[in-house]
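The values are calculated or read from the model by the stated rules, or taken from the named source; none is laboratory data. This structure is a prediction, so every number in the text was calculated from the model and none was measured. All Cβ positions, glycine included, derive from the backbone under ideal geometry; neighbour counts span all protein chains shown. Side chains included, ligands, DNA and RNA excluded: accessible areas come from the protein's heavy atoms. Shrake-Rupley method; radii C 1.70, N 1.55, O 1.52, S 1.80 Å.
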Amino acid sequence: QVQLVESGGGLVQAGGSLKLSCAASGRFFTFNGAGWYRQAPGKQRELVARFLVYGNTYYADSVKGRSTISRDISKNTVYLQMSSLKPEDTAIYYCNGLYDSRDYWGQGTQVTVSS
């Protein structure tokens with residue numbers, strides 16, 4: 001089993017930046033990739049950014065050029081750096097990890113962007 005814990009969310013003014021973290025713990029043999037999703041009130045969960053270890057990196061058009069997904073192997077942590085934040089970026093951000101070909105989800109972290 002793998003546990004994912006997000007952190008780094010909060011309240012930020014429009015134009016500001018945030019760096020979200022997703023720390024993985026537990027036992028696994030293979031890390032296959034990770035992604036960040038978000039869900040705004042009244043909307044469906046949407047993919048923000050994702051990478052596969054042996055594949056491409058994807059960014060939603062809404063965050064392309066403003067966001068970077070990365071990882072620190074030594075810390076088993078995946079990050080989402082977001083800049084030039086907009087009020088429409090307000091949502092709960094969820095980390096998704098693919099370990100041993102199984103999907104795992106974190107509990108989410110709230111990001112609120114004020115205008």
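Values as computed for the structure displayed
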| read-out | value |
| --- | --- |
| Total residues in the stretch 18-44, condition over 12 Å from the mean Cα position of the chain (by Cα) and over 16 Å from Tyr99 (Cβ atoms) | 5 |
| Subset of the stretch 76-115 (residues that are assigned to a strand (DSSP E or B) and over 28 Å from Phe28 (Cβ atoms)) | Thr112, Val113, Ser114 |
| Subset tally (residues that are under 10 Å from Ala34 (Cβ atoms) and open to solvent by 10 Å² or more (accessible area, probe 1.4 Å)) for the stretch 78-98 | 2 |
